[in-house]
Structure formats: C-alpha cells, structure tokens
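What follows is a single structure, written as structure tokens, with notes after it.
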Amino acid sequence: MNKINKTEKEWKSLLTEDEYYVTRQKGTEPPFSGKNFEIINGGTFKCKCCDNELFNSSTKYDSGCGWPSFFEQLSPEAIKTEVDKSHGMVRIEIMCSKCDAHLGHVFDDGPKPTGKRYCVNSLSINYKEFE
C-alpha cells in the first residue's frame, strides 16, 4: 500500500473545516450529530481523505453510542491502531493505514463474532454502494 503524504495546506483545501478537525486534528463529532448512512444494497465504507476501503457494510450495526459502529475492519491492512491517552483515559485510536486519518476508536464491547466495536466519526468516512 502506498502511503499518502500531504501538507496541512493540501488537506485543508480538500476537506471541510469539520472534516479537517476530525481526520487531521484527531477531533470527534458530537454523538448523534453525524450521518446515519442508510444501507440498502450493501457497499463499502472508505476513508474520507484518501478513499482507502475500511469497512464492509455487512459489519455495520447500531451500537446506540451515537457514531457509526462496525464489528470488523475490511482487512488487517486497512486500519492501524495506536494507544490514545488523551482526555484522562486510555483508548485504542483507529486510523486509516494509508493516510493516517483519525477515524475514531475501537472497543472490546462489540457483538460476536469479533467482540469489537469500531466507533467511527461519520465525518471521516464515505459510503459507496456496490455496483
């Protein structure tokens, strides 16, 4: 996978102010404020910044947390993780492995078969239906 490296000026020209805040400055959109993503025919969730495929729509579920949630990433190479000790807690941050965009966090309270909850900011992803 080829890494994408852009300057902050380039990212700012490609993203809205809110998208930039979430993806490049590790921000978080308020719960229940983002896009819901109605899934009809199935598809793929991709990184807002670089179009890297992150999640299959079949792994999306309603966790009730206020952000899109998935129980499995599309491939082991799609997402990278890092320990996040901000805000007085320890969490596992998830980022796009291709462009390092902040996506959200992963928790161990998800459904079977993985037990994972990838809690993702809707501002960090796009949805593309299968053709």
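The values are calculated or read from the model by the stated rules, or taken from the named source; none is laboratory data. Just so we're clear, the structure is a prediction, and the values are computed from it rather than from any experiment. We place every Cβ from the backbone using ideal geometry, glycine too, and count neighbours over all the protein chains shown. We work out accessible area using only protein heavy atoms, side chains counted, and drop any ligands, DNA or RNA first. Shrake-Rupley method; radii C 1.70, N 1.55, O 1.52, S 1.80 Å.
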Net length gained if the chain between Val90 and Glu131 were fully extended (0.36 nm per residue, minus Cα distance): 10.8 nm
Full-stretch length increase - Phe37, Ser13 - with 0.36 nm per residue and alpha-carbon distance subtracted: 6.2 nm
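Going down the list Lys6/Lys80; Lys6/Lys116; Lys9/Lys46; Lys6/Lys112, which pairs span over 26 Å between their C-alpha atoms?
Values: Lys6/Lys80 18 Å; Lys6/Lys116 31 Å; Lys9/Lys46 22 Å; Lys6/Lys112 38 Å.
From the list (Lys6/Lys80; Lys6/Lys116; Lys9/Lys46; Lys6/Lys112), the Cα-Cα distance tops 26 Å for Lys6/Lys116; Lys6/Lys112.
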Calculated P(r) tail over 18 Å for the chain, as whole % of Cα pairs: 51
Surface accessible to a 1.4 Å probe, Ser97 within the full protein complex, Å²: 20
Overall Cα dimensions of region 72-131, principal axis frame, Å, largest first: 44, 29, 20
Rounded accessible area of Asp109 (nearest 10 Å², 1.4 Å probe): 90
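Can you check what the net charge comes to around Thr81, using other residues whose Cβ is under 15 Å from the Cβ of Thr81 (Lys, Arg +1; Asp, Glu -1)? Intermediate values should be presented prior to the final figure.
On the way: positive: Lys26, Lys80, Lys85, Arg91, Lys98, Lys116, Arg117; negative: Glu72, Glu77, Glu82, Asp84, Glu93, Asp100, Asp108.
Once positives and negatives cancel, what remains is 0.
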